Amino acid sequence: MASVSPAGRRATDALGIVAIILAALILLPALMIFLIGLSPEMNAIWWLGIVLLPIMAFLGGVAVVIGVIGIVLRVRQHRNPVLSIIGLGLGVLLVLPMLWVLVGSTV
């Protein structure tokens with residue numbers, strides 16, 4: 001019976017995939033609310049952003065942590081951490097609006 005050699009197997013970046021999925025779970029509804037809120041008839045939907053912002057920050061932070069762990073593990077294995085870098089970038093993209101609200105100045 002033929003077996004697959006360990007050198008021929010291609011290791012997947014599981015932590016990067018998890019980080020991307022976590023970021024996509026909240027990024028898609030946030031994008032939908034933003035796009036719906038741009039239409040004049042649905043301007044009242046912006047209140048959902050108040051509910052969605054803390055969830056975005058939490059899941060974005062989790063995606064950042066998982067992405068950093070994935071990058072460190074992949075670099076230590078001498079492999080390419082592309083999916084972990086994408087997950088990290090999406091996580092940072094989700095954390096930035098909450099930082100903007102907390103650090104931004106009010107006029």
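The values are calculated or read from the model by the stated rules, or taken from the named source; none is laboratory data. For clarity, every value in this text was computed on a predicted model and none was experimentally measured. Every residue, glycine as well, gets a Cβ built from its backbone with ideal geometry; the counts of neighbours run over all protein chains shown. SASA here: full protein model, heavy atoms, side chains in, ligands and nucleic acids out. Shrake-Rupley method; radii C 1.70, N 1.55, O 1.52, S 1.80 Å.
Data table
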quantity	calculated
Computed FRET value (nearest 0.05) for V72 with I21, which takes r as the C-beta separation and R₀ as 25 Å	0.80
Heavy-atom surface of the chain, accessible at 1.4 Å and reported per residue (Å²)	71
In nm, spacing of pseudo-spin labels at T106 and F34 (7 Å Cα→C-beta vector)	2.3
Distance between modelled label sites at L48 and L99, nm, 7 Å Cα→Cβ extension	2.7
Portion, in percent, of the accessible area of the chain that falls on carbon or sulfur, probe 1.4 Å	76
Mean Cα-pair separation over length for the range 37-107, i.e. relative contact order, pairs under 8 Å, 6 or more apart, %	36
Label of the coordinate-derived value, semi-axes √(5λ) of the Cα gyration tensor in Å, listed as [x] 48, 27, 8; [y] 22, 16, 13; [z] 37, 16, 9	[z]
Label-point separation in nm, V65 to A14, each point 7 Å along Cα→Cβ	1.9
Volume per residue that the Cα convex hull of the range 58-107 spans, once the total is divided by residue count, Å³	62
Listed residues G91, G49, G61, most fluctuating in the chain (Gaussian network, C-alpha, under 10 Å)	G49
Solvent-accessible surface (1.4 angstrom probe) belonging to V72, in square angstrom, nearest 10	80
